[in-house]
1. In the range 306-375, if every C-alpha pair distance is counted and binned at 5 Å from zero, what percent goes to each bin?
2. If the only charges are +1 at each Lys and Arg Cβ and -1 at each Asp and Glu Cβ, what is the size of the charge dipole of the chain around the Cα centre, to the nearest 20 debye?
3. Once you keep just the Cα pairs under 8 angstrom separated by 6 or more residues, what percentage relative contact order results for the chain?
4. Counting pairwise Cα distances across the range 2-408, what percent come out greater than 31 angstrom?
5. At a Förster distance of 45 Å, what's the computed FRET efficiency of Phe283 paired with Leu221, Cβ-Cβ distance as r, to 0.05?
6. Which of Val227, Val89, Val53 moves most in a GNM of the chain, Cα contacts under 10 Å?
7. For the ranges 316-322, 64-70, 170-176, 392-398, what's the packing order if you count other beta-carbon atoms within 10 Å of each residue, average per peptide, and put the highest first?
8. Quick one: length gained pulling Leu183 to Phe82 fully straight, 0.36 nm per residue minus the C-alpha distance?
Amino acid sequence: MHINYKLQDRFDLAIFIPMIVLVIFGLLAIYSSTYNHPTASGNFQKQLIFTVVAVIAFFITFSLPQQIFKSFAIPVFFMSLFFLLAVLVVGKTIYGAKSWFGVGGFGFQPSELAKLGTILMLAYWLTYKSRDINNLLDIGVALAIGFVPIMLIMLEPDMGTSIVFAIITISLIFWSGISLFGLFVVLSPSVVVFASLFGVYAFIAALLLIVAALFFFKRDLFNSVTVFIINLSAGFFFDYAFKILKPHQQKRIASFLDPSADPLGSGYNALQAKVAIGSGGFFGKGFLHGNQTQLRFIPEQWTDFIYCVIGEEFGFLGSVLVITLFLIIFLRLFKLSATAKDKFSVLIIIGVLTLLFSHFAINIGMNLGITPVIGLPLPFLSYGGSSLLINMVMLGIVMNIYRNRKLHT
């Protein structure tokens, strides 16, 4: 009994057990979706190897001295920027995005390392000395830390990952205690950009709302005009960015607004995913017995659409179990963020929570047809060694914070 208490006091089973069960679910779904596949039959073995490597990396990260993460923040961030630049030159193009390094039969995606580097760097910057997040310069540097990787990732281009970086950046700035007006300055351009998706009239309406909000905050003329110009520029920048996107990415945005407009093209995967999940019923069709999965209706179902494999073969019960396991991890991370004793640790936990929740919400939404298909994997389940490795390292850091939490009391 004493041994069990000592273990729970240093090792958070409420995070570790759901994480491992999700990884096992992922391995089963990857095996099923690549079973007898002419080109992807080796993916299960690759993922199994990466799982072993990721578990080892998790325990190494868990065992390190906690102060090492703060000293690693700057080197890891700039190393990740170097790799993001290098992949644009020597990277391998997959599905129109130059975002991978190919090493033998394996691949590595630098944007995954950049997620870790950006979270560490933002946590470091926002807690360095007596940082005033409501100072315009400090906000600007924090935004630059988040948006430099975004610009490099957009050059690949990878819109889905860029969106996740933006969410992480805004969440950490918010958690640092930014004022309501500061939060408005940070968030309003994204509102204008989103509105512009729906045409000129929606764009104009969003700008009118911005003007109304500026009257509400009653700031001086210079600040108000500056914020309005930033929002106006965001709308025009999005129009320019949309035009430089690849045709298939433009179609994904259009199919999000109306998936039935191109049911055999850009909207095909989303529609087939809903069919697969719906056909699973309550108990599912059974492992290796899903029609949509085994007949390969959805191309590369082991990546972004792994959730519909679970929905079809393990049914409503399996689908709900996966969501429940994620929710346990999210709630536990949120609780740990409230009990962590230093702000650097709090921001790291919030960054990891934001990253995992963003991927979870967008990916599940893609499979259910309620978010655009923007190419984001489901953490711990989707095929992809670099994603699995970095996600488990980040949870290793969180559990390291849990292990050392009494050092700050």
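Since every read-out is calculated from the coordinates, none of them should be taken as a lab result. For clarity, every value in this text was computed on a predicted model and none was experimentally measured. Here Cβ is always computed from backbone atoms with ideal geometry, including for glycine, and neighbour counts include all displayed protein chains.
1. 4, 16, 21, 20, 16, 11, 8, 4, 1
2. Values: 25 positive and 16 negative charges, 159 e Å.
Taking the Cα centre of the chain as origin, the dipole is about 760 debye.
3. Working: 546 pairs, mean separation 106.2, N = 409.
So the answer I get is 26 percent.
4. Numbers: 34018 of 82621 pairs.
Within the range 2-408, distances greater than 31 Å cover 41 percent of Cα pairs.
5. It comes to 0.10.
6. Residue with maximal mean-square fluctuation among Val227, Val89, Val53: Val89.
7. Listed from highest to lowest mean packing, they are 392-398, 170-176, 316-322, 64-70.
8. So the chain would gain 33.3 nm between Leu183 and Phe82.
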